[in-house]
Every structure is written in structure tokens, then in C-alpha cells.
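Have a look at the structure below, then the notes.
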Amino acid sequence: AASPAGMESSQVAVVGSGLIGRSWAMVFAAGGFKVKLYDIAQQQLTSALENIRKQMKELEASGFLKGSLSAEKQLALISICTDLKTAVEGAAFIQECTPENLELKKKIFGQLDLIVGDNVILSSSTSCLLPSKLFTGLKHVKQCIVSHPVNPPYFVPLVEIVPHPETDPSTIERTYALMKKIGQSPVKLNREIEGFVLNRLQYAVISEAWRLVGEGIISPTDLDLVMSDGLGMRYAFIGPLETMHLNAEGISNYCERYREGMKLVLNTFGPVPEFSGETEQKISQAMSEKIPVVPKHLNARREWRDECLTGLAKLKKQMSSN
Ligand code: NAI
């Protein structure tokens, strides 16, 4: 087989076929990789395949299918399997997508450690478990890494690559190259930190949002508008640092103009919220009025969100080729 992105083979294994595992399978298939999808629950695998087929057909019909192969060809690249050893045999890369539970993940990596060779990369989708917790003590720790996707990975390309202190630099580079190759947008963390980077930024925003609503400064729906019709408009294209650079004559000029003002505002920030009590009630009520907490409404809104993200991805592509 060809060896895309410096990989030994063009075959990957996805361990766990839930929400994230399905999405990874689609992303890898779009990149032309053969995918073996593994789960302990046969029922999950069957429904994963059905769901992937349905999504790919819909994406193809609307012109949003990723990659250069047809939906049928991409589907033919994905097979399912309930035997871990068979699933990982011949794979150059294993993406673990089991529930966010340290003991469970450690058990799975322990099993993988016993059956893999010295070249495969063992990668976890974990949102918040640190590599030092997941991989310490494994024989193949040099080949272990976290590749944290953003939900849904098919539409939001960012992947945070987080090494264990003993991860080999070549594991980082090969993972980075593979993510690029399948059309994702990888970023490297030089060392692990609680929440990685995406969730640290997200929690900074959530926590100030919570305080502002809690203090009665703004309503929950207006708070969300500040992001979706304000900050978020530019954040889809440029980050907070480039925003500073462009909003003045460069970073130094921005700091000169705004450092005192920023510090003044930042010093008025309150403590970490409890995320409970009255503010929780208030936000929950406002959100539930807008989107009732029943599968029908939640799913319709999620579908709409994914359509928006697909359109945005298309726009971003157009804008970057200008
Ligand atoms: P999920 O609950 O939808 O899927 C988990 C799957 O793992 C299920 O199909 C289950 O049958 C399977 N499973 C359970 N035990 C297993 C075992 N021993 N071996 C193989 N498969 C097993 O979970 P989801 O949302 O897909 O999350 C998976 C991982 O991705 C978690 O670590 C999560 O933190 C991470 N993640 C989730 C995001 C999200 O928004 N859902 C975003 C980014 C990362």
C-alpha cells in the first residue's frame, strides 16, 4: 500500500464507534485510508455503519462530502470488527474513542500495548485526561499521543496534539503530518496542561458569560449574540492575537494603547463560578425556551449547526484561496 504522511501503511483503526469514533472513521475514509472500526458492542458498530452511510450519502447529495472519492468508495474503505487484535493488525495509526473514563482507557491502552509493534501510533481522543495519566508505564509510551478533536470533527477541523513527556518527537511529527493529510487542522502543545488549550479558552469565555448573566448585566440569549454576531464573526477567520495585531498598528501599538484598559477590566473579573443554583436555573430556562430539551428539538438544532459549519468551512476555503 502507499504510505501517506510517512505512515507504514494506509490503514488505521478506530477504537470505539460512538459519536467521535464515527466521525473519525469518516474523516480517515475521506483521506483515502482503510479504516477498521472496533467496538465491544456489535449493536454500536452496526448502527455506526448505518449512520455513516446515511451521512455520507447526504453529504454527497449536498456537495459537501470531503475527499476526492465517492461516498460508495469511501464506505468501502470502512469495515467493522469486534476483535481488537484483528482491528489493529496492519494499522499504522490507532485512534481511541472510548468513553471518557481513565480506568477504562488505561485498560484499553494496556491491551493495545501488548499487541502492537514498534511503529504504530497509539492516539487518544480524550478531551481532558492528561497523557501522563493515560500512558505512563506503557512499553510503547514513545508511540503514544493525545489527538483531541472538536465535536463534530468532520466539520470542525482543529486537532490538539498533546505529547506525553516520553513521547518520541517522530510520533508528534507523524501525527501532525497525518492530520494535515486527512484535511484536519492540527496544533501542537509542547507539554500537557489541564484542559489543553481549546478548553482553557472555552472555559475562560464560559466563566465570564456565566458571571455576566449571574450578575444580571445581560440576558442569556443576548450574551450568546455577543459571540455569534460579534466576536465569533472574526474568530472564525483570525484568532485573538491577530485580532490585536490588526486592531491597532501591530501588537506593540495595541499593548501601548490598551494594556492599562485591559488590566482594569480584567481586575474586575469575579471568582470561578459554581455553575449551579440560581444562575443555572436562569440560563437553563432561557435555553430551554429557545430549544426544548427533547431529542427532536435538540437534534434539529444540531443538524442546523452542522449545516452552518459546513457552509462556513466552504466559505473559509474560498476566502483562503483568494
Ligand atoms: P460515546 O459514548 O458516543 O462512544 C463511546 C463508544 O465506545 C461506544 O460506542 C461504546 O460502545 C464504546 N466502548 C465502550 N467501552 C469500550 C471498550 N472497552 N472497547 C471499545 N469500545 C468501547 O463517546 P464519544 O462522545 O464518542 O467520546 C469518545 C471520546 O472522545 C471521549 O474520550 C471523549 O472525551 C472524546 N471527545 C468527545 C467529544 C464530544 O463532544 N463528544 C469531543 C472531543 C473528544
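Computed quantities for the displayed model
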item	result
Any hit, region 34-53, residues being away from the ligand (no atom under 11 Å from the Cβ), open to solvent by less than 10 Å² (accessible area, probe 1.4 Å), touching a residue at least 60 places away in the same chain (Cβ under 8 Å) and under 18 Å from Leu122 (Cα atoms)	no
Filtered residue count, region 280-322, keeping only those that are surrounded by 12 or more Cβ atoms within 10 Å (Cβ to Cβ) and among the hydroxyl-bearing types (Ser, Thr, Tyr)	3
Single unsatisfied condition, Thr171 versus (1) crowded, with 16+ Cβ neighbours inside 10 Å; (2) of a type in the set (S, T, N, Q); (3) more than 16 Å from the ligand (Cβ to nearest atom); (4) in a loop (DSSP other than H, G, I, E, B)	(4)
Condition check for Arg200: without any contact (Cβ under 8 Å) to a residue 12 or more places away in the chain, within 30 Å of Lys142 (Cα to Cα), out of contact with any His (no Cβ under 7 Å at 6 or more places or on another chain) and open to solvent by 80 Å² or more (accessible area, probe 1.4 Å)	yes
Among residues of region 147-172, those that are over 25 Å from Tyr235 (Cα atoms) and in contact (Cβ under 8 Å) with a residue 24 or more places away in the chain, counted	8
Leading residue by the ranking (modelled with the lowest pLDDT) among those in region 57-77 that are open to solvent by 60 Å² or more (accessible area, probe 1.4 Å) and not hydrophobic (A, V, I, L, M, F, W, C)	Ser62
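The values are calculated or read from the model by the stated rules, or taken from the named source; none is laboratory data. Keep in mind the model is a prediction, meaning the values are calculated, not measured. Please note: Cβ atoms are built from the backbone with ideal geometry, for glycine as well, and neighbour counts cover all protein chains shown. Note: accessible area is taken over every heavy atom of the protein model, side chains too, but ligands, DNA and RNA are not part of it. Shrake-Rupley method; radii C 1.70, N 1.55, O 1.52, S 1.80 Å.
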